[in-house]
Amino acid sequence: MKKLAVLAGMAGLALSTLLAATSTGLADDAKLEQLKKQGFARLAIANEPPYTAVAADGKVSGAAPDVAREIFKRLGVPDVVASISEYGAMIPGLQAGRFDVITAGLFMKPERCAAVAYSEPVLCDAEALLVKKGNPKGFKSYEDIAKDETATVGAPGGGTEEKLALNAGVPRDRVIVVPDGQSGLKMVQDGRIDAYSLPVLSINDLMKKANDPNLEVVAPVVGAPVYCDGAAFNKNDTALRDAFDVELAKMKESGDFAKIIEPYGFSAEAAKSTTREKLCSAK
């Protein structure tokens with residue numbers, strides 16, 4: 001009798017586990033149906049061209065939202081709406097349900113991969129510094145900034161560049177949190193910071209728009225890794241992420257992916273050359 005009771009208990013446990021897994025799967029699958037019904041997906045973005053951009057009329061563009069918009073259309077979600085967020089607030093906002101997905105050049109890192117469900121790679125880039133013409137302090141790396149006791153560097157709050165500067169030894173009081181690209185550029189022009197750090201493409205976009213011969217770009221930053229982002233989903237929405245990945249793979253194969261991102265200056269081949277698994281396990 002004891003053996004039968006144990007077997008019955010094991011069967012009950014197995015059934016409970018199966019039901020729990022099935023319930024989770026149904027909840028996961030229901031996310032896409034929810035988005036189809038509401039007619040749009042909510043994106044978290046930064047106003048940082050060419051990754052993301054918001055026009056004066058509120059229209060959202062940029063390589064990351066454009067890719068997401070096309071994939072969601074293919075999944076039966078006709079539109080996207082976007083909210084601008086600081087990088088440090090994006091993952092908490094996603095986890096709290098304020099966004100459905102982050103499409104903002106949020107580079108894959110092991111700690112971020114533990115917090116969100118990333119798609120396969122979408123956009124890849126390296127780091128750059130915006131400085132005065134002639135690079136008067138001779139910066140080539142974040143370590144160079146750390147060694148100069150009077151040097152300051154601007155970076156987005158909670159972003160990769162802020163962490164790279166801090167990890168290189170730049171003291172907290174010399175890493176200045178800058179709200180957006182235009183502010184960073186103006187602070188370099190005015191001499192309020194010695195350098196402003198963003199990915200190469202973002203800095204180049206700022207330079208192009210500023211058309212200021214008194215500025216210069218240092219790229220790539222020596223010792224800084226090359227990163228790739230992906231669309232970041234809530235950990236509870238892996239079925240939605242997987243559906244997104246299927247369409248992303250189709251677009252990479254057909255060339256439609258390249259048609260969207262390469263006019264912005266990104267390389268489709270760079271995104272196809274690596275995987276989420278490699279990026280999330282990188283030291």
So, with points 7 Å from each Cα along the Cβ direction, the residue 173-residue 149 label distance in nm works out to 1.2
Under the helix-only model (-39500 (n - 2.57) for each DSSP H run of 4 or more, divided by the residues of the chain), the mean residue ellipticity at 222 nm, to 500 deg cm²/dmol, is -14000 deg cm²/dmol
With a cap of 11 neighbouring Cβ atoms within 10 Å, and only residues DSSP puts in a loop, list the GluC sites (Glu not before Pro) found in the stretch 130-209. 149
Do any cysteines of the chain lack a neighbour Cys whose Cβ is under 4.7 Å away, and which are they? none
Could you please state, rounded to a whole Å, how far the C-alpha centre of the stretch 147-203 is from the C-alpha centre of the stretch 85-143? 14
Choice from 252, 208, 73 with maximal GNM fluctuation in the chain (Cα, 10 Å cutoff): 208
Once amide H atoms are built 1.01 Å from N in the peptide plane, which residues 5 or more positions from residue 82, or in another chain, come under 5 Å H to H? 43
Given H placed on each backbone N at 1.01 Å, which residues far from residue 193 in sequence or on other chains put an amide H within less than 5 Å of it? 188
Return the label of the correct value of mean projected area of the Cα convex hull in nm², as calculated from the structure shown, out of (1) 18.5; (2) 13.3; (3) 14.9. (1)
Looking at the chain as a GNM with Cα springs under 10 Å, which of 183, 119, 85 has the largest mean-square fluctuation? 183
How much length is gained if the chain between residue 29 and residue 242 is pulled fully straight, taking 0.36 nm per residue apart and subtracting their Cα-Cα distance, in nm to one decimal? 75.7 nm
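Which helices, taking whole DSSP H runs in the chain, have alpha carbons extending 30 angstrom or more along the helix axis plus mean Kyte-Doolittle at least -1.0? Present the calculation step by step, with values, prior to reporting the outcome.
Values: long enough: 2-38 (53 Å, 0.35).
For the chain, where a helix must reach 30 Å along its axis and average at least -1.0, the hits are 2-38.
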Given the options 100, 237, 148, which has the most mean-square fluctuation in a GNM of the chain, springs set between C-alpha atoms less than 10 angstrom apart? 148
Per-residue HN-Hα couplings for the stretch 142-148, Karplus 6.51 cos²θ - 1.76 cosθ + 1.60 at θ = phi - 60°, whole Hz, x for Gly and Pro? 5, 4, 4, 5, 4, 6, 8
Might you report the magnitude of the Cβ-based charge dipole of the chain about its Cα centre, with Lys and Arg at +1 and Asp and Glu at -1, to the nearest 20 debye? 660
For the stretch 126-218, just the Cα atoms, rotate onto the principal axes and tell me the three extents in Å, largest first. 32, 26, 23
How much length would be gained if the chain were fully extended between residue 222 and residue 253, taking 0.36 nm per residue of separation minus their Cα-Cα distance, in nm to one decimal? 7.9 nm
If amide H atoms are modeled at 1.01 Å from N in the peptide plane, then the residues at a separation of 5 or more from residue 128, or on another chain, having amide H under 5 Å from its own are 198, 200, 221
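All of the numbers you see were taken from the coordinates with simple rules; none came from a lab. Worth saying up front: this structure is predicted, and the values here are computed from it rather than measured. Don't worry about glycine lacking a Cβ; one is built from the backbone with ideal geometry, like all the others, and counts go over all protein chains shown.
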